[in-house]
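One structure is given here, and the rest of the page talks about it.
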Amino acid sequence: MKLLNSRKCRSIGAWVLFGIMVFMTMTGGCGGGGGEGNGRPPSPGERELVIAPSRLSLKVGEMGTLVAYNVKGGLVWQSQNANITVNPTNFTTATVVALAAGETNVVAFDSSGARAMCRVTVTEGTASPILNLTITPSALSLKIGGSGMLLAENYAGDLTWFSDTPNVAWVAKSGPATALVTSAVAGTATITVVDGRGAAATCSVTVTEESGTLKIEPAALSLKAGETGSKPYRR
């Protein structure tokens, strides 16, 4: 009888253990739970939505600019603090306004569901003079395949450059305050630079086709008295 009871207890214990294992599997294990950690990681080569700068420090009364990259479709901006507002200024940029001290996350969502975030910190104090960030030149004319250099002045922190129409003209940082613009096809593009404080400046780029040049052939013609000759020309 004792042997039978022992076997019965072991059988019940095995079923209990099996039930616990099934429950842990269904619920994701001990300490399991949802959250962003369970989200699908981006595939190799996938371009993620990005906000520049990723951190922004302001004094009460100051404003800063945020720029979004790799946007797919429309873009929505949100602030998690009513005293730190965010207002879209065009398709890829937004202005952050510091109304009171505090911290918040400013989040951007595009039409694909991608999300990017900037951490904004606002402190008390006298607002710094507005940085008059500039790009020289402010307008650039290029021929197809040509390139030009841009210089940023009156900036703070690192600079981030981008083109709103990279298939017409793209930009690449070439130094702490310089960037090289290279043209591809005829059209227009706007190059924007944003510094670490959120100040922004733009340069308008116009790309045109190479114009034809009038040529005369031959370049020289010798005639004797009474002779005639002609010079065909082409563009």
Open item on the list: Based on this model, can you work out whether residue 143 counts as within 19 Å of the chain's Cα centre (by Cα) and among the basic types (Lys, Arg)?
Closed with: no
Task: Residue check for residue 64: modelled with pLDDT under 85 and not assigned by TED's automatic domain parsing to the domain that holds residue 191 - done: no
Task: Search result, residues across the stretch 159-192 that are closer than 21 Å to residue 65 by Cβ, touching a Pro at 6+ places or on another chain (Cβ under 9 Å) and free of Cβ contacts under 8 Å to residues at least 60 places away in the same chain - done: 159, 189
Open item on the list: Looking at the stretch 110-127, can you tell me whether even one residue there is out of contact with any strand residue (DSSP E or B) (no Cβ under 7 Å at 6 or more places or on another chain), surrounded by 14 or more Cβ atoms within 10 Å (Cβ to Cβ) and touching a residue at least 12 places away in the same chain (Cβ under 8 Å)?
Closed with: yes
Task: Hits in the stretch 69-90 - residues which are outside any strand (DSSP E or B) and touching a strand residue (DSSP E or B) at 6+ places or on another chain (Cβ under 7 Å) - done: 70, 71, 72, 73, 74, 80, 81, 83, 89
- [ ] Might you let me know whether the stretch 120-143 holds any residue that is within 18 Å of residue 54 (Cβ to Cβ) and among the basic types (Lys, Arg)?
- [x] no
TODO: Could you tell me whether residue 195 is under 15 Å from residue 64 (Cα atoms), surrounded by fewer than 16 Cβ atoms within 10 Å (Cβ to Cβ) and either touching a helix residue (DSSP H, G or I) at 6+ places or on another chain (Cβ under 6 Å) or not β-branched (Val, Ile, Thr) (or both)?
DONE: no
- [ ] Mind listing whichever residues of the stretch 134-160 are under 21 Å from residue 170 (Cβ atoms), part of a loop (DSSP other than H, G, I, E, B) and modelled with pLDDT of 85 or more?
- [x] 137, 138, 144, 145, 146, 159
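The values are calculated or read from the model by the stated rules, or taken from the named source; none is laboratory data. Remember, predicted model here, so these are calculated numbers, not experimental data. Glycine also receives a Cβ, built like all others from the backbone with ideal geometry; neighbour counts cover every protein chain displayed.
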